[in-house]
Amino acid sequence: MALHVILIRHGIAEGVSADGQDASRHLTEKGKKKLRKALKGILPLLTEGERPLIWSSPLVRAVESAEILQEVLGTGQVEEIPCIATGDLETFRMLVEELPQEPEPWIFVVGHEPHLGNWTRKLTGISLPYGKGSAAAFLSRSGELDTLELRWFLQSSAMAELKREKKPKQDK
């Protein structure tokens, strides 16, 4: 059974939070707007009807990004997964292995650099420049993380340019 994994870096966050803690940095208003627009752009690249899992780092900026993703998808529930914040790939692997294979898992992972880049290199041998709000989609036909293949990778600016095909206007 196949496994779909979409890695997404959080949107643009404030430089310093009110309490001075990195973990509590919020997305900026501009960051929220840009991320929402970018995520709407990738909808045509996703299979309709799937029930996605939305896994997020527990850091505020990632959770806020995951909530925007949930809003754009119109489905799914955000689940905070600590190993995404720490970059613990082995714990992530165990969580994926515990998933039921029916229906095919679609896992959206909202996280941070350098962890997303490190995971991509370790799992596929590919280096990707995860800018803020960028996304990479992978598919494993065997359902195992070690056989992931890159399907697409887009920076947020390119994602925002993608649009659903519009129906042709009818002549009157």
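Every read-out reported here was derived from the displayed coordinates using simple, explicitly stated rules and does not represent laboratory data. Predicted, not measured: the structure shown is a model, and the values here were computed from it. Reconstructed Cβ throughout: ideal geometry from the backbone, glycine too, with neighbour counts over all protein chains shown.
Report the relative contact order of the chain, percent, no decimals, based on alpha-carbon pairs under 8 angstrom and at least 6 residues apart.
Over the chain, the number comes to 34 percent.
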Next item on the list: Treat every Asp and Glu Cβ in the chain as -1 and every Lys and Arg Cβ as +1, leave all other atoms uncharged, and give the resulting dipole magnitude about the Cα centre to the nearest 20 debye.
Entry: 1180
Checklist line | Neighbour-count order for 12, 68, fewest beta carbons within 10 angstrom listed first | finding: 12, 68
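For n ≥ 4 DSSP H runs only, could you compute -39500 (n - 2.57) per run for the chain, divide by its residues and tell me the 222 nm figure to the nearest 500?
-9500 deg cm²/dmol
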Item checked: Neighbour cut-off at most 13 other Cβ (10 Å), DSSP loop, GluC sites (Glu not before Pro), region 56-132 -> 98
Check: So how do 115, 10 line up by other beta-carbon neighbours within 10 Å, fewest first?
Finding: 115, 10
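Summarise the long-distance tail of P(r) for region 3-103 by giving the % of C-alpha pairs beyond 18 Å.
Everything past 18 Å amounts to 51 percent.
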